[in-house]
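**Student:** Can you keep this structure in mind? I'll have questions shortly.
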Amino acid sequence: MIGFYNLASQHEAVADELTAAFHRVMGRGQFVLGEELAAFETEFADFCGTKFCVGVGNGFDALTLGLKAAGISPGDEVIVPANTFVATWLSVSACGGTPVPVEPDPVTYNISPEKLASAITPRTRAIVPVHLYGKIADMAPVSDIAEQHGLLVIEDAAQSHGACSGDVRSGAFGLAAAFSFYPGKNLGALGDGGAVTTADKDVYERLLRLRNYGSVEKYQHEVAGVNSRLDELQAAFLRIKLRHLDVWNGQRRAQARRYLEQLSGCEHLQLPDSRHIDEDAWHLFVVRSRARDQLMSWLNGHGVQTMVHYPKAPPWQPAYSQQFPSAAQRFPVTARIQDEVLSLPIGPHLALNDIDEVCDLILRAI
Ligand SMILES: *Cc1c(COP(=O)(O)O)cnc(C)c1O
């Protein structure tokens, strides 16, 4: 049985450290906004190569508060990828803004810079590129277009902890970047968690208020904030796991390389873009096939768990579908992607011979 996730086995390597952290935090008796969070925030900002980090309750809050701290307000239009997890869109809606979708590049699956410009209107305030599947979006042209039109760039980095392009890491491209520490992400907590990174001191200070009832001084509430804080236990666990992240991402890269080698002759399969194997975080290894559903059930029948990211993109979700009645015509690239993508197992819970086994099964099926 080759599982898609196995967090229990991944945690074996750090179980003693996690247990010690649990006892340390419990013994100290401070569980919210304490020294573990402060230390994690410094360490994670360093890891991303930026100045500040603010720990929040989850990735959705990281996006929403990041957008609010950047100044997104009701009536603003925010450009988002058509092909992403729905949280990217929902965070714009949560600010009272309107998500304006742009189709992906058919090779990278990330937002297409060529199609960006035509989505810009006088109400556009920001672009939220998503580093989907762990691959950095095409940031040079995205940033150029943003600069030309005076738009903000807020990264959705929920799938790209440790990914880079050149010497810039995800979390250091935009005015702010939102991370999720949902357990299945490359850096996952033992529960929900998230963070915003930024190099901008004003954005940082606004975030400190927004996540804590609009307050940095007790019983003094400057803005209508929320309660969304990364707690001490999760921060302590994340500090430990962060020290292993580069090694774990290295294992993912080796596995991606193995898949690409073994499956390269497979005509019926579109493999992921392999131009930046050693820069991608390989959160997911996504192949495409016209016979996706058959391939999926064949693998399932042979004990290999696979998933689809995502079977229904946001324009097809009831939450948004009224605005996009003819989504298939308007978003043909996304429509094809969602019908054909299949995520194969990848991650530090697997060994290279597991990857070989999956490849053998795929080659036999085809
Ligand atoms: C996981 C994810 C989120 C949301 O993170 P949560 O911690 O689950 O709220 C947002 N965007 C993308 C692209 C994600 O993959």
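**Student:** Name the single residue, out of those in region 112-131 being open to solvent by less than 70 Å² (accessible area, probe 1.4 Å) and assigned to a helix (DSSP H, G or I), that is modelled with the lowest pLDDT.
**Tutor:** Within region 112-131, the first condition is being open to solvent by less than 70 Å² (accessible area, probe 1.4 Å), and the residues that meet it are 112-113, 116-117, 119-121, 124, 126-131.
Now drop any that are not assigned to a helix (DSSP H, G or I), which leaves 113, 116-117, 119.
Numbers: Pro113: 97, Leu116: 95, Ala117: 92, Ala119: 98.
Checking each candidate, the answer is Ala117.
**Student:** Name, by its number, the condition in (1) within 18 Å of Ser143 (Cβ to Cβ); (2) loosely packed, with under 15 Cβ neighbours inside 10 Å; (3) not aliphatic (A, V, I, L, M) that does not hold for Asp46.
**Tutor:** Among (1) within 18 Å of Ser143 (Cβ to Cβ); (2) loosely packed, with under 15 Cβ neighbours inside 10 Å; (3) not aliphatic (A, V, I, L, M), Asp46 violates only (1).
**Student:** Are any residues in region 149-183 open to solvent by 10 Å² or more (accessible area, probe 1.4 Å), within 12 Å of the ligand (Cβ to nearest atom) and among the aromatic types (Phe, Trp, Tyr), and if so, which ones?
**Tutor:** If the condition is that a residue be open to solvent by 10 Å² or more (accessible area, probe 1.4 Å), within 12 Å of the ligand (Cβ to nearest atom) and among the aromatic types (Phe, Trp, Tyr), then Tyr182 is the only one that fits.
**Student:** Can you find even one residue in region 114-128 that is within 13 Å of the ligand (Cβ to nearest atom), farther than 17 Å from Pro315 by Cβ and in contact (Cβ under 8 Å) with a residue 12 or more places away in the chain?
**Tutor:** Residues of region 114-128 that are within 13 Å of the ligand (Cβ to nearest atom), as a first pass: 128.
Cutting the leftovers down to farther than 17 Å from Pro315 by Cβ gives us none.
The answer is no; no qualifying residue exists.
**Student:** Let me ask something else about it. Checking the structure you have, find out if any residue of region 1-24 is in contact with a helix residue (DSSP H, G or I) (Cβ under 6 Å, 6 or more places away or on another chain), acidic (Asp, Glu) and under 18 Å from Trp248 (Cα atoms).
**Tutor:** yes
**Student:** For region 274-323, which positions are in a helix (DSSP H, G or I) and closer than 18 Å to Val341 by Cα?
**Tutor:** Arg292, Asp293, Gln294, Leu295, Met296, Ser297, Trp298, Leu299, Asn300, Pro314, Pro315, Trp316
**Student:** Could you tell me which numbered condition Leu210 fails, if it satisfies all but one of (1) open to solvent by 60 Å² or more (accessible area, probe 1.4 Å); (2) at pLDDT 95 or above; (3) touching a helix residue (DSSP H, G or I) at 6+ places or on another chain (Cβ under 7 Å)?
**Tutor:** Failed condition: (1).
**Student:** I'm checking my understanding of the structure. Among residues of region 42-64 that are part of a helix (DSSP H, G or I) and more than 12 Å from the ligand (Cβ to nearest atom), which one is farthest from Val308 (Cα to Cα)?
**Tutor:** Thr42
**Student:** If you don't mind, there's one more thing I want to ask. For region 208-234, what are the residues that are outside any helix (DSSP H, G or I) and among the acidic types (Asp, Glu)?
**Tutor:** Let us first name the residues in region 208-234 that are outside any helix (DSSP H, G or I), namely 211-231.
Once the filter is applied, which keeps residues that are outside any helix (DSSP H, G or I) and among the acidic types (Asp, Glu), region 208-234 yields Glu217, Glu222, Asp231.
**Student:** Still on this structure: What are the residues in region 71-89 that are more than 15 Å from the chain's Cα centre (by Cα), surrounded by fewer than 24 Cβ atoms within 10 Å (Cβ to Cβ) and not in a strand (DSSP E or B), if any?
**Tutor:** If the condition is that a residue be more than 15 Å from the chain's Cα centre (by Cα), surrounded by fewer than 24 Cβ atoms within 10 Å (Cβ to Cβ) and not in a strand (DSSP E or B), then Gly71, Ser73, Pro74, Gly75, Asp76 are the ones that fit.
**Student:** Name the residue, out of Gly188, Gly225, Gly134, that is of a type outside the set (A, V, I, L, M, F, W, C), open to solvent by less than 10 Å² (accessible area, probe 1.4 Å) and under 22 Å from Val32 (Cα atoms).
**Tutor:** Numbers: Gly225 fails: open to solvent by less than 10 Å² (accessible area, probe 1.4 Å); Gly134 fails: under 22 Å from Val32 (Cα atoms).
Among Gly188, Gly225, Gly134, only Gly188 is of a type outside the set (A, V, I, L, M, F, W, C), open to solvent by less than 10 Å² (accessible area, probe 1.4 Å) and under 22 Å from Val32 (Cα atoms).
**Student:** Okay, moving on. Going by the structure shown, is Arg257 closer than 30 Å to Asp356 by Cα and part of a helix (DSSP H, G or I)?
**Tutor:** Yes; evaluated as a whole, the condition is true for this residue.
**Student:** Here is a further query. Looking at region 63-98 only, could you name the residues that are among the β-branched types (Val, Ile, Thr) and under 18 Å from Ser321 (Cα atoms)?
**Tutor:** Once the filter is applied, which keeps residues that are among the β-branched types (Val, Ile, Thr) and under 18 Å from Ser321 (Cα atoms), region 63-98 yields Val78, Ile79, Val80, Thr84, Val86, Thr88, Val92, Thr98.
**Student:** A further question on this structure: Given Phe179, Phe173, Phe237, which one is touching a helix residue (DSSP H, G or I) at 6+ places or on another chain (Cβ under 9 Å), of a type in the set (Phe, Trp, Tyr) and in a strand (DSSP E or B)?
**Tutor:** Values: Phe173 fails: in a strand (DSSP E or B); Phe237 fails: in a strand (DSSP E or B).
Going through Phe179, Phe173, Phe237 in turn, the sole match is Phe179.
**Student:** Go through region 191-207 residue by residue and tally those that are assigned to a loop (DSSP other than H, G, I, E, B) and either more than 9 Å from the ligand (Cβ to nearest atom) or open to solvent by less than 40 Å² (accessible area, probe 1.4 Å) (or both).
**Tutor:** 4
**Student:** Any idea which of (1) open to solvent by 50 Å² or more (accessible area, probe 1.4 Å); (2) touching a residue at least 60 places away in the same chain (Cβ under 8 Å) is the one Gly27 doesn't satisfy?
**Tutor:** Unmet for Gly27, out of (1) open to solvent by 50 Å² or more (accessible area, probe 1.4 Å); (2) touching a residue at least 60 places away in the same chain (Cβ under 8 Å): (2).
The values are calculated or read from the model by the stated rules, or taken from the named source; none is laboratory data. Remember, it's a predicted structure, so these values are computed and weren't measured experimentally. Note: ideal-geometry Cβ built from the backbone for every residue, glycine included; neighbour counts use all protein chains shown. Areas reflect the complete protein model, heavy atoms only, side chains present, ligands, DNA and RNA absent. Shrake-Rupley method; radii C 1.70, N 1.55, O 1.52, S 1.80 Å.
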